[in-house]
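S.K.: I have a structure I would like to understand better, so I am pasting it below and will then ask my questions one at a time.
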2 protein chains.
Amino acid sequence: MSLRERLRLYVITDRRFRDEVSTVQAALEGGATAIQMRIKDAPTREMVEIGKRLRKLTDEYGALFFVDDRVDVALAVNADGVQVGPDDMPVQLVREIAPNLLIGASVYSLEEAMKAERDGADYLGVGAVFPTKTKADARYLGLDGLREVLETVKIPVVAIGGINHENVREVLRLGVDGIAVISAIVGAPDVKRATLEMRRIIDEYLG
Amino acid sequence: MSLRERLRLYVITDRRFRDEVSTVQAALEGGATAIQMRIKDAPTREMVEIGKRLRKLTDEYGALFFVDDRVDVALAVNADGVQVGPDDMPVQLVREIAPNLLIGASVYSLEEAMKAERDGADYLGVGAVFPTKTKADARYLGLDGLREVLETVKIPVVAIGGINHENVREVLRLGVDGIAVISAIVGAPDVKRATLEMRRIIDEYLG
Ligand code: NI
């Protein structure tokens with residue numbers, strides 16, 4: 001399966017809703033194809049310990065495993081890759097120090113998308129498609145902005161930002177490769193069920 | 001010059017007192033032999049940008065350059081090494097993902113010191129020798145605890161924690177390889193002068 005296909009349903013952890021291990025277990029049971037561990041302001045040792053558990057779980061389900069921002073933690077837990085945004089390590093520098101990691105770039109404009117592709121990112125997280133409060137550093141791009149990116153770049157695009165079960169079809173229609181979700185899954189009362197339902201809708205479009 | 005000799009006067013940045021670049025410039029002019037960049041809760045990109053400037057400065061003065069906690073930042077800025085404590089990445093894991101970095105282990109007991117040496121640390125930061133508020137995670141070890149460590153381990157020992165111009169002789173008498181300082185230098189009105197004076201006292205003992 002290609003990277004593009006494995007990015008279909010990308011679930012990002014958020015401990016403000018739920019702990020990482022129970023989130024990921026349920027999301028994998030529900031059909032998540034990629035997981036991103038996103039932890040802010042925790043000690044490195046805690047990130048490494050949780051990351052090792054998530055690596056084990058994602059391996060069991062054949063899912064991709066990414067770490068937000070922290071290249072050191074990604075290397076230490078043998079993650080598939082790292083996700084970096086404008087405040088994180090530049091893509092080219094990540095490539096230099098960790099040549100074997102997949103690199104996802106979080107971009108919030110067409111210009112950032114083009115630059116990340118030029119810099120060698122393996123895929124893009126593009127948003128915010130809808131207004132969101134979950135990621136404080138995310139800027140609003142909108143559906144029109146996303147369409148422009150999709151018309152311009154060649155690497156896989158995962159849409160992110162305020163996507164839920166009600167509005168996800170509007171995003172899928174544009175031809176994205178994957179949907180990244182935080183609150184509509186991690187904040188749902190039943191994470192597995194919310195993932196199953198999201199996966200079902202995505203599969204209608206991506207086949 | 002051996003690692004042991006290059007650890008003689010080890011200055012740790014603290015932006016609560018002063019920004020990293022002006023601190024390090026002045027400390028190097030005053031004779032610091034090793035610098036540790038210690039930044040908590042700043043974006044990775046900011047750490048990388050500042051780290052590159054400190055790497056350049058330390059190179060100009062022939063000083064060692066360490067990064068606190070962040071192996072990814074240490075690799076990205078081509079630091080000589082990284083300093084890890086009980087909440088950071090374990091020493092053996094650092095060695096695996098970054099075999100070319102020097103590893104300093106922050107230890108707060110004889111048991112931790114022995115374990116860090118066994119795990120392959122290149123040197124130890126041992127403390128707190130005196131009570132301190134600068135490092136929230138530092139536990140009090142005292143001069144007697146430091147003496148026990150010095151009698152037990154073979155790798156270089158840098159003493160840390162509440163050391164200033166008044167009490168440093170008590171520490172040097174025990175036979176440490178280096179003195180690590182935060183507030184007595186970074187918090188001094190004149191960083192260069194405070195470093196010169198500390199270096200002069202250290203050289204009286206270490207020759
Ligand atoms: Ni980030």
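The values are calculated or read from the model by the stated rules, or taken from the named source; none is laboratory data. It should be emphasised that the depicted structure is a prediction, and the values quoted were computed from it without experimental measurement. Here the Cβ is made from the backbone with ideal geometry for all residues, glycine too, and neighbour counts use every protein chain on show. Note: areas computed on protein heavy atoms with side chains; ligands, DNA, RNA excluded. Shrake-Rupley method; radii C 1.70, N 1.55, O 1.52, S 1.80 Å.
S.K.: Does any residue of segment A:35-50 turn out to be more than 14 Å from chain B (Cβ to nearest Cβ), touching a residue at least 60 places away in the same chain (Cβ under 8 Å) and in a helix (DSSP H, G or I)? Please lay out each step first, then the result.
M.R.: Let us first name the residues in segment A:35-50 that are more than 14 Å from chain B (Cβ to nearest Cβ), namely A:35-37.
In the following step, the residues that additionally are touching a residue at least 60 places away in the same chain (Cβ under 8 Å) were identified as A:36.
With in a helix (DSSP H, G or I) added as a condition, the list becomes none.
No, segment A:35-50 contains no residue that is more than 14 Å from chain B (Cβ to nearest Cβ), touching a residue at least 60 places away in the same chain (Cβ under 8 Å) and in a helix (DSSP H, G or I).
S.K.: Ok, one more. If B:G104 meets every condition in (1) assigned to a loop (DSSP other than H, G, I, E, B); (2) under 23 Å from B:R15 (Cβ atoms); (3) of a type in the set (G, A, S) apart from one, which number is that one?
M.R.: Failing condition for B:G104: (1).
S.K.: (1) surrounded by 14 or more Cβ atoms within 10 Å (Cβ to Cβ); (2) within 18 Å of B:G31 (Cα to Cα); (3) at pLDDT 95 or above: which one isn't true of B:P189, the others all being true?
M.R.: Here B:P189 clears every test but (1).
S.K.: Right, another one. Quick check: anything in segment B:120-142 assigned to a strand (DSSP E or B), among the aliphatic types (A, V, I, L, M) and modelled with pLDDT of 95 or more?
M.R.: First pass over segment B:120-142, keeping only residues assigned to a strand (DSSP E or B): B:123-126.
Within this subset, residues satisfying the condition of being among the aliphatic types (A, V, I, L, M) are B:124, B:126.
Then drop every residue that is not modelled with pLDDT of 95 or more, which leaves B:124, B:126.
Yes, that holds for at least one residue.
S.K.: Additional query: State whether one or more residues within segment A:88-99 are out of contact with any helix residue (DSSP H, G or I) (no Cβ under 9 Å at 6 or more places or on another chain) and without any contact (Cβ under 8 Å) to a residue 60 or more places away in the chain. Before the answer, list the steps.
M.R.: Within segment A:88-99, the subset out of contact with any helix residue (DSSP H, G or I) (no Cβ under 9 Å at 6 or more places or on another chain) is A:99.
Now restrict to residues that are without any contact (Cβ under 8 Å) to a residue 60 or more places away in the chain: A:99.
Within segment A:88-99 (the criterion being out of contact with any helix residue (DSSP H, G or I) (no Cβ under 9 Å at 6 or more places or on another chain) and without any contact (Cβ under 8 Å) to a residue 60 or more places away in the chain), the answer is yes, since at least one residue qualifies.
S.K.: Provide a single number: the residues in segment A:174-196 that are outside any loop (DSSP other than H, G, I, E, B) and free of Cβ contacts under 8 Å to residues at least 40 places away in the same chain.
M.R.: Residues meeting the conditions: 1.
S.K.: If the Cβ limit is 6 Å and pairs must be 6+ apart or interchain, which residue in segment B:61-74 that is over 15 Å from B:A98 (Cα atoms) pairs with which residue that is assigned to a strand (DSSP E or B) and among the β-branched types (V, I, T)?
M.R.: B:A63/B:I35; B:F65/B:I35
S.K.: Please tell me if B:I179 is under 17 Å from the mean Cα position of the chain (by Cα) and open to solvent by 20 Å² or more (accessible area, probe 1.4 Å).
M.R.: On the way: under 17 Å from the mean Cα position of the chain (by Cα): yes; open to solvent by 20 Å² or more (accessible area, probe 1.4 Å): no.
So B:I179 fails the test.
S.K.: Out of all the residues in segment A:120-133, which are open to solvent by less than 60 Å² (accessible area, probe 1.4 Å) and over 13 Å from the mean Cα position of the chain (by Cα)?
M.R.: Step one: of segment A:120-133, the residues open to solvent by less than 60 Å² (accessible area, probe 1.4 Å) are A:120-130, A:132.
Listed by number, the residues that qualify are A:G120, A:A121, A:V129, A:F130, A:T132.
S.K.: Still on this model: Do we have any residue at all in segment B:152-173 that's modelled with pLDDT of 95 or more, touching an Asp or Glu at 6+ places or on another chain (Cβ under 6 Å), part of a helix (DSSP H, G or I) and open to solvent by 70 Å² or more (accessible area, probe 1.4 Å)?
M.R.: Checking segment B:152-173: not a single residue is modelled with pLDDT of 95 or more, touching an Asp or Glu at 6+ places or on another chain (Cβ under 6 Å), part of a helix (DSSP H, G or I) and open to solvent by 70 Å² or more (accessible area, probe 1.4 Å).
S.K.: Among the residues of segment A:64-95, count how many are away from the ligand (no atom under 11 Å from the Cβ), within 8 Å of another protein chain (Cβ to nearest Cβ) and open to solvent by 30 Å² or more (accessible area, probe 1.4 Å).
M.R.: Result for segment A:64-95: 2.
S.K.: Another question, then. Residue under question is B:R55, and the condition is that it be open to solvent by 60 Å² or more (accessible area, probe 1.4 Å) and either within 13 Å of another protein chain (Cβ to nearest Cβ) or touching a strand residue (DSSP E or B) at 6+ places or on another chain (Cβ under 9 Å) (or both); does it hold?
M.R.: On the way: open to solvent by 60 Å² or more (accessible area, probe 1.4 Å): no; either within 13 Å of another protein chain (Cβ to nearest Cβ) or touching a strand residue (DSSP E or B) at 6+ places or on another chain (Cβ under 9 Å) (or both): yes.
Here the answer is no, as B:R55 does not meet what is asked.
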